[in-house]
Amino acid sequence: MSFFKKIVNKHTINLASSAAMPVIGLLVLSQLTRHFPTKTDFGNYVFFLQTFLLADMFRTGFLQTSLVKFYAGAPKERALNVAGSAWAVGFILTFGLAFIDLIIYFFVKSGNSDLEATLKWFGIIYICTLPSAIAGWILQAEERFDKMFIIQVINQGGFLILVLLIIFFKAINFETVLYCYLGTNIFTSLLCIVMGWSQVRAIRHKSLQSIKELLNFGKYGVGTSIGSTLLRSSDIYIIRGMFPPAFVGIYYIPQRLMEFFEIPMRSFVATALPELSTAAQHDNKPAVAHVMKKYGSLLTVLLIPIAVGGFFLGGVVIHILSGEKYEGSEAFNIFRIFLCYVIIMPMDRFFGITLDILNKPHLNMMKVFLMLTVNIIADFIGIAIFHNLYGVAIASLFTYYSGLIFGYIQLKKHLKFSLRDVLVVGFGEVKAMIQHVLHKQAKTKNI
């Protein structure tokens with residue numbers, strides 16, 4: 001096997017995809033913050049994006065995990081049946097939400113042209129993303145991460161190119177950015193249909209039994225997905241309702257920067273899941289606890305120096321991304337507040353997926369909705385006390401610590417471990433990694 005084939009595999013492609021998408025997304029963010037005519041335009045775009053992502057997670061929660069579960073490794077006829085049934089469920093969910101949006105658009109008049117533009121294009125964009133979404137889930141089940149990577153790069157990269165074009169022609173505003181978003185998603189979905197990746201013809205193989213299977217399995221997934229998305233977007237909605245639209249953009253910039261910490265998190269989770277699943281299937285709870293501690297604590301230790309660096313250098317990154325428009329705003333200090341809970345994010349995430357692996361998805365869903373409840377209450381209390389965005393940011397600390405405590409209490413009923421293990425095991429893993437590298441170097445020199 002050549003060196004190229006050794007390093008280019010499904011794991012490295014998945015990691016590249018996890019890293020590339022946030023980077024392209026931040027490039028888009030940088031251009032929009034710099035070139036939108038007003039901060040209000042950017043705030044309205046963030047509001048649209050959060051609303052669309054919430055609806056998208058509703059569909060994803062129902063279908064992604066259940067489609068992958070029943071499609072992966074299934075015989076051809078069964079796979080077609082699952083894909084067709086997923087299309088049927090996707091149609092019901094997508095056109096149902098689009099119809100609700102249409103009713104709101106025609107009967108609810110706000111007097112806000114930008115809000116009406118969001119309602120006008122939301123349903124159309126939501127329908128246009130269905131083929132590419134189903135294609136992505138099918139390709140994930142087939143472990144074709146190379147094709148998934150192509151879809152994501154075309155979608156995100158195409159949006160960036162269109163945004164640069166409207167900037168070049170000095171035509172950028174909130175509505176033209178929506179046109180770019182729509183155009184990119186239409187092209188991506190058409191590509192998925194033409195290439196056969198979405199398997200749209202499989203809909204004739206659907207069955208009522210498989211539709212019920214997908215819905216029954218996805219009911220907890222959709223709860224967790226919606227809860228997680230609301231957890232991320234509830235701050236935006238509260239700020240949009242209680243402050244001028246420009247404040248949404250100020251808060252959104254540090255929120256997006258936190259995606260840098262999501263890159264290694266997604267990679268560690270993808271690597272740990274098979275090991276957790278194998279241990280759980282053999283009912284080996286000590287092994288489940290060991291894998292959870294190993295990956296969660298190692299990631300915690302690795303993120304500590306990055307968080308410290310971000311505490312001092314985050315302002316430089318924000319300036320590079322947004323230019324002078326947001327210089328002197330609360331964005332940097334909000335980012336610093338966010339960094340105070342970075343060290344618990346890995347264990348919070350691994351507590352959640354371990355509950356799923358132990359066949360306790362309802363507890364993971366309860367954990368997410370507990371965090372959402374704490375976040376909303378703490379947001380209003382924080383705003384009442386501080387009367388600014390810092391109150392919303394500080395509320396996030398209570399949110400993540402409540403999730404960590406709940407997950408810890410629930411897992412302690414099934415696994416033997418302690419929070420002290422987080423740092424002990426993590427530093428042990430880092431030490432072992434360093435010793436391994438030094439040993440290889442010494443061995444190479446002796447040769």
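Pick from PHE52, PHE351, PHE169 the residue whose mean-square fluctuation is largest in a GNM of the chain, springs joining Cα atoms under 10 Å.
PHE169
Calculate one ³J(HN,Hα) per residue across the range 359-371 by plugging θ = phi - 60° into the Karplus curve 6.51 cos²θ - 1.76 cosθ + 1.60, and present them in order as whole Hz with x for glycine and proline.
3J(HN,Hα) across the range 359-371, in whole Hz: 6, 10, x, 5, 6, 5, 5, 4, 4, 5, 6, 5, 4.
Considering only VAL301, VAL194, VAL46, give the residue with the highest GNM mean-square fluctuation for the chain, with springs between Cα atoms whenever their separation is below 10 Å.
Judging by the Gaussian network model, the answer is VAL194.
Could you give the nm distance between label points at LYS431 and LEU415, where each point is 7 Å from its Cα heading toward the beta carbon?
2.2 nm
Sort TYR220, TYR295, TYR179 by Cβ crowding within 10 Å, fewest neighbours at the top.
TYR179, TYR220, TYR295
Hey, fewest Cβ within 10 Å first, where do CYS128, CYS192, CYS340 land in order?
Going from sparsest to densest Cβ surroundings: CYS340, CYS128, CYS192.
Which residue, PHE149, GLY227, VAL374, has the largest displacement toward the positive end of the dipole of the chain when charges sit on each Cβ (Lys, Arg +1; Asp, Glu -1)?
About the Cα centre, the residue reaching furthest to the positive side is PHE149.
For the chain, set up a Gaussian network in which alpha carbons nearer than 10 Å are linked by springs, and say which option among LEU63, LEU231, LEU302 fluctuates the most.
LEU302
Seen from all sides and averaged, what is the projected area of the convex hull of the Cα atoms in the range 9-245, in nm²?
Orientation-averaged projected area of the Cα hull: 13.5 nm².
Taking R0 as 41 Å, what's the FRET efficiency between LEU302 and PHE107 from their Cβ-Cβ distance, rounded to 0.05? All intermediate terms of the calculation are to be shown ahead of the outcome.
Numbers: r = 52 Å, r/R0 = 1.26.
It comes out at approximately 0.20.
Put +1 on the Cβ of each Lys and Arg and -1 on the Cβ of each Asp and Glu in the chain; which of CYS180, ALA280, THR40 then has its Cα farthest toward the positive end of the dipole?
ALA280
Would you work out which of SER210, GLY158, LEU29 lies farthest towards the positive end of the dipole of the chain? Charges go on Cβ: Lys and Arg +1, Asp and Glu -1.
SER210
From the phi angles alone, apply the Karplus equation (6.51, -1.76, 1.60; θ = phi - 60°) to the range 372-378 and give each ³J(HN,Hα) in whole Hz, x where the residue is Gly or Pro.
These are the phi-based 3J(HN,Hα) values: 5, 4, 4, 5, 5, 4, 5 Hz.
Any idea what the relative contact order of the range 258-447 is, in percent, if you count C-alpha pairs under 8 Å spaced at least 6 apart?
Once divided by the residue count of the range 258-447, the mean separation gives 29 percent.
Can you put MET195, MET347, MET57 in order, fewest other beta carbons within 10 Å first?
MET195, MET57, MET347
On alpha carbon coordinates alone, what is the Rg over Rh value for the range 258-447, Rh being the Kirkwood radius?
Rg/Rh: 1.04.
Enumerate the calculated ³J(HN,Hα) couplings along the range 46-63 in order (Karplus 6.51 cos²θ - 1.76 cosθ + 1.60, θ = phi - 60°), each rounded to whole Hz, writing x wherever the residue is Gly or Pro.
4, 4, 4, 4, 5, 5, 5, 5, 5, 5, 5, 5, 4, 5, 5, x, 6, 10
When N is the residue count of the chain, what does its C-alpha Rg come to as a fraction of 2.2 N^0.38 Å?
With N residues counted in the chain, Rg over 2.2 N^0.38 Å equals 1.01.
Along the Cα→Cβ direction, 7 angstrom out, place labels at ASN216 and MET242. What is the inter-label distance in nm?
In this crude label model, ASN216 to MET242 measures out at 4.3 nm.
Search the structure for amide H atoms under 5 Å from the amide H of SER207, placed 1.01 Å from N in the peptide plane, and list their residues when 5 or more places away or on another chain.
Long-range HN contacts for SER207: SER85.
So what is the relative contact order of the chain, in percent, for Cα pairs below 8 Å that sit 6 or more residues apart?
Relative contact order of the chain: 21 percent.
None of the figures in this text is laboratory data; all of them are computed from the coordinates on show. Here the structure is a predicted model, which is why all the values come from computation and not from measurement. In this analysis, Cβ positions are derived from the backbone assuming ideal geometry, glycine residues included, and neighbour counts consider all displayed protein chains.
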